[in-house]
Every structure is written in structure tokens, then in C-alpha cells.
Amino acid sequence: MHKLLFLSILLVSKFINAQEIDDKSFNKFYQDNILQSKGILVVNFWATWCKPCIQELPSFERINSETDPEMLNIYLVNLDFNGKFRISATEFVKTRNIKSPVVHINDTDPNDWINKVDSAWSGAIPATAIYVNGKKCFFKEGEMTYEELSSVISGIENK
């Protein structure tokens, strides 16, 4: 009995300090976060099972840590399977010490919303969209390096 209680406390304490991951539909995310955004908003679509996604996340975290949140915000939009994201994404975010806000899109058919992001998007991840004051100005399907992301953001800032 004591072992079970100890393991329960240990498991709960493991997730207490983990970043909370919002779980919402794409339409709700789009309304609340994209359309209402001011300044530059970077939205990266990723999953814990996607190797190129994992490889590029440090670039987004670095940009996020170097930039004033009054000028730029980053959202990491998790596309893990609905039944597994709470454990896989939460653990991933905690162990990697992810600071950018993470949102899980819980729609069961991404084909219902991928064209809202970009009509040329096949749905493959990673994918990144950048918005200025709620209007998309950049989209890329595929991995982004820190240098590429930084260059695109600098170009937007200098317009």
C-alpha cells in the first residue's frame, strides 16, 4: 500500500510543474490566437513523433527567448493523436523545458482546417505560418533552421 501511494505521489508531482497544454479546436485557436494577435505571430505545427519537428523546435525556442514578447509571439501547435497527446506532449514539453505556449488541436480531421492555414499546405509537418496583426504573410511546409526563421522574421520587422 505504501509503495502504491508513493508511486502515485511521484507520478502526480512529475506533472505538477509541467507547462499546461491548451486543448482546443483549430477554429477556436484561430479565433482566439491568430485573428486577435497584434504584431508578429509565429505558429509552428509539430508532433512528438515527427523527427524533423523535434529537430527544429530549439530554433523556435531560441527566437522566442531572444525576442521581446511585445513584438513577437510563438505558438507551438501540437498535432499528436488525441488519445496520446496528454502524456506524450506534456512529458516532451517538460523534459525539453519548452517555454513557448503549446496548444493541441483536437479536431479529428485536419483536412477541415489546413486550407485556413495555407491552401498549398499538404498537411505534412513540420509547417510554419507567420502572421502580422492576424494576416498571414509567410508559410513553409518543412523544417526551418534558426537562420532561416530569424531571416524571415527580420524581413517582416523591416517592412
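Observations on the model:
- Accessible surface computed residue by residue for the stretch 77-144, with neighbouring protein chains in place and a 1.4 Å probe, gives 51 Å² per residue.
- If the chain linking Asn158 and Lys24 were pulled fully straight, counting 0.36 nm for each residue of separation and taking away their Cα-Cα distance, it would gain 44.9 nm.
- Taking Lys140, Lys99, Lys84 in turn, the Gaussian network model of the chain (Cα-Cα springs below 10 Å) assigns the largest fluctuation to Lys84.
- Using C-alpha pairs under 8 Å with a sequence gap of at least 6, the mean separation divided by the residue count of the stretch 88-159 gives a relative contact order of 17 percent.
- Surface share of carbon and sulfur [accessible, 1.4 angstrom probe, percent] for the stretch 57-159: 49
- Hits among lysines - C-alpha to C-alpha of Lys99 under 29 Å, sequence gap 8 or more where chains match: Lys14, Lys24, Lys28, Lys38, Lys51, Lys84, Lys116, Lys135, Lys136, Lys140, Lys159
- The chain gives an Rg/Rh value of 1.01, both radii derived from C-alpha positions and Rh following Kirkwood.
- Applied to the stretch 81-95, the Karplus parametrisation 6.51 cos²θ - 1.76 cosθ + 1.60 on θ = phi - 60° returns per-residue 3J(HN,Hα) values of 4, 3, x, 10, 5, 4, 7, 5, 6, 4, 5, 4, 4, 5, 5 Hz, with x for Gly and Pro.
- The chain - mean residue ellipticity at 222 nm from DSSP helices (-39,500 (n - 2.57) per run, n ≥ 4, rounded to 500): -11500 deg cm²/dmol
- Nonlocal amide H pairs with Asp23, under 5 Å, H built at 1.01 Å: His104
- Unmatched cysteines, the chain - criterion: no other Cβ of a Cys under 4.7 angstrom: Cys137
The values are calculated or read from the model by the stated rules, or taken from the named source; none is laboratory data. Since the model is a prediction, treat every value here as computed from it, not as a measurement. Methodologically, a virtual Cβ is constructed for each residue, glycine included, from the backbone with ideal geometry; neighbour enumeration extends over all protein chains shown. All accessible areas refer to the heavy atoms of the entire protein, side chains included, with ligands and DNA or RNA removed. Shrake-Rupley method; radii C 1.70, N 1.55, O 1.52, S 1.80 Å.
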